[in-house]
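Engineer: Dropping a structure here in structure tokens format, bear with me for questions.
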Amino acid sequence: MPSPETQRRFPLYPLVGAGSLMLITLLSVTWIRWFAPPELAVALEDPVVAARELRFADRADGGVEVTDAVSGQEIRRLLAGEDGFIRSTLRGLVRARRARGAGQAVPFRLGLRQSGQLLLLDPATGQSIDLWAFGNTNAEAFAGLLAANTPQLAGAALGADPAERFRNGRDEHAR
């Protein structure tokens with residue numbers, strides 16, 4: 001057995017440094033959780049300027065039919081192999097619905113807040129997706145579904161070009 005003089009000891013300073021870092025991290029997270037206002041609460045206080053309830057139904061030809069849940073009017077048909085972002089986003093939400101045993105009775109809700117935040121909400125599961133987090137092109141795919149509600153959205157809320165309004169609104173929101 002080696003003598004205490006020849007036995008290597010773990011350096012004390014790195015051990016104290018690692019412990020201090022862990023303590024500071026723990027205290028910082030605790031401070032933020034207790035005293036900082038959550039961003040979600042602030043975002044939900046932002047008024048909704050446009051909203052639409054949507055239903056998505058698979059078609060026999062591989063497409064998806066998008067309808068307004070209130071009027072029953074068809075808004076758009078997503079052809080097979082196109083609109084991949086819309087399809088993948090919905091696939092994830094539908095998977096969550098199945099896991100919770102929720103059916104298709106409750107429509108999805110697409111909403112635009114005054115700040116420009118574009119949200120897709122699933123009232124059946126409580127999930128919401130900030131669509132701008134996936135970039136302008138992907139968010140504008142959903143913005144087109146909202147902008148199809150032309151009489152309400154063509155006015156002062158969105159300006160002349162809905163896609164430009166969404167783009168500008170998001171840029172202002174990000175600042």
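Throughout, read-outs are computed from the coordinates displayed, never taken from laboratory work. Predicted, not measured: the structure shown is a model, and the values here were computed from it. Please note: Cβ atoms are built from the backbone with ideal geometry, for glycine as well, and neighbour counts cover all protein chains shown.
Engineer: Obtain the nm distance between the two label points defined at Arg59 and Asp130 by a simple spin-label model: each point lies 7 Å from its Cα along the Cα-to-C-beta direction.
Structural biologist: 3.4
Engineer: Using a cut-off of 13 Å between beta-carbons, work out the net charge of the residues near Asp68 (Lys and Arg +1, Asp and Glu -1, Asp68 not included). Intermediate values should be presented prior to the final figure.
Structural biologist: On the way: positive: Arg52, Arg55, Arg76, Arg109; negative: Glu53, Glu65, Glu74.
Every neighbour counted, the sum reads +1.
Engineer: Show the residues, 5+ positions off or on another chain, whose built amide H is closer than 5 Å to the amide H of Ile75.
Structural biologist: Distant-sequence amide H within range of Ile75: Val66, Thr67, Asp68.
Engineer: Calculate, for Arg98 and Arg9, the FRET efficiency according to 1/(1 + (r/R0)^6) with r their C-beta to C-beta distance and R0 45 Å; round to the nearest 0.05.
Structural biologist: On the way: r = 56 Å, r/R0 = 1.25.
The value I calculate is 0.20.
Engineer: Taking 0.36 nm per residue of sequence separation and subtracting the Cα-Cα distance, how much length would be gained by fully extending the chain between Arg77 and Thr25, in nm to one decimal? The partial results should precede the final answer.
Structural biologist: Details: separation 52, 0.36 × 52 = 18.72 nm, distance 4.96 nm.
So the extension gain works out to 13.8 nm.
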